[in-house]
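What follows is one structure encoded as structure tokens, with my remarks underneath.
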Amino acid sequence: MWPPVSLIASSPMTLEWVVERLRESAEPLPDSGFLRYVHPSDRSVTPAAVLVPLINRAHGVTVLFTQRTAHLNDHAGQISFPGGRVDEGDVDRVDTALREAEEETGLPRRQVHVIGMLPDYDIPTGFRVTPVVGWIEPPVQLAPDPFEVAELFEVPLAHFLDPANHQRHSDEVNGRRRNYYAMPHGGRHIWGATAGMLYSLYRFLSDDVR
């Protein structure tokens with residue numbers, strides 16, 4: 001499923017190193033000490049997948065995000081990765097992530113090199129999300145779906161790998177305590193499941209937690 005490291009161009013971050021770190025995803029990582037939401041064992045969950053798109057820009061690797069339109073039923077107006085629920089015709093979670101990314105952003109699936117996956121992420125709205133990490137070489141021509149996507153934007157990956165940019169928050173919703181991450185950048189509020197998945201990526205790539 002994943003291309004050999006030798007077939008992918010190297011980057012200022014050394015892509016071979018990124019791929020190797022992600023291939024260690026089967027190995028348990030140290031507990032972050034920050035409990036996040038996990039679906040109760042008796043709850044029915046909806047499987048979903050997102051693409052975590054890493055773009056190899058000349059000035060450094062960036063992460064592509066979508067700003068969801070305000071009228072959507074699920075997570076309206078929020079910053080997220082392109083993705084959605086698993087369709088019956090999808091071969092696997094990778095297929096779901098690539099299909100949804102192409103539908104939402106116009107990113108051709110043939111341009112995405114899948115280099116790994118992060119641990120599944122449960123969110124209180126009932127979804128269990130599989131984050132699929134993809135590497136994209138420019139040029140990148142995108143055509144966002146105006147119904148689902150208000151805006152596409154990129155943030156340097158280095159921003160999320162700096163623990164000084166990680167925030168931890170806690171609040172109470174319907175009598176239950178909720179913990180969540182936030183990683184704001186340039187006036188944009190990147191939080192919740194998206195920030196939590198970015199934190200998972202940080203934990204695999206950073207020596208600080210190993």
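The values are calculated or read from the model by the stated rules, or taken from the named source; none is laboratory data. Note that the structure is a prediction, hence the values are computed from the model and not measured. Cβ coordinates were reconstructed from backbone atoms using ideal geometry, including for glycine residues, and neighbour counts include every protein chain displayed.
Here is how the numbers come out for the structure above:
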read-out	value
Candidates G60, G106, G134, filtered to the one that is within 28 Å of L15 (Cα to Cα), among the small types (G, A, S) and in contact with a helix residue (DSSP H, G or I) (Cβ under 7 Å, 6 or more places away or on another chain)	G60
Only one of L152, L198 that is of a type outside the set (S, T, Y), in a helix (DSSP H, G or I) and surrounded by 14 or more Cβ atoms within 10 Å (Cβ to Cβ)	L198
Hits in the stretch 176-191 (condition: surrounded by fewer than 21 Cβ atoms within 10 Å (Cβ to Cβ) and either out of contact with any Phe, Trp or Tyr (no Cβ under 8 Å at 6 or more places or on another chain) or outside any strand (DSSP E or B) (or both))	R176, R177, P184, H185, G186, G187, H189
Search result, residues across the stretch 155-175 that are outside any loop (DSSP other than H, G, I, E, B) and either charged (D, E, K, R) or touching a Gly at 6+ places or on another chain (Cβ under 6 Å) (or both)	P156, R168, D171, E172
Filter result (closer than 30 Å to V38 by Cβ, among the small types (G, A, S) and not in a strand (DSSP E or B)) within the stretch 95-146	A97, A101, G126
Candidate set from the stretch 38-88 (those that are among the hydroxyl-bearing types (S, T, Y) and at pLDDT 90 or above); member that is nearest to D162 (Cα to Cα)	T62
Lone unmet requirement of (1) surrounded by 15 or more Cβ atoms within 10 Å (Cβ to Cβ); (2) in contact (Cβ under 8 Å) with a residue 60 or more places away in the chain for H159	(2)
H169, sole failed condition from (1) touching a residue at least 60 places away in the same chain (Cβ under 8 Å); (2) surrounded by fewer than 16 Cβ atoms within 10 Å (Cβ to Cβ); (3) under 22 Å from H39 (Cβ atoms)	(1)
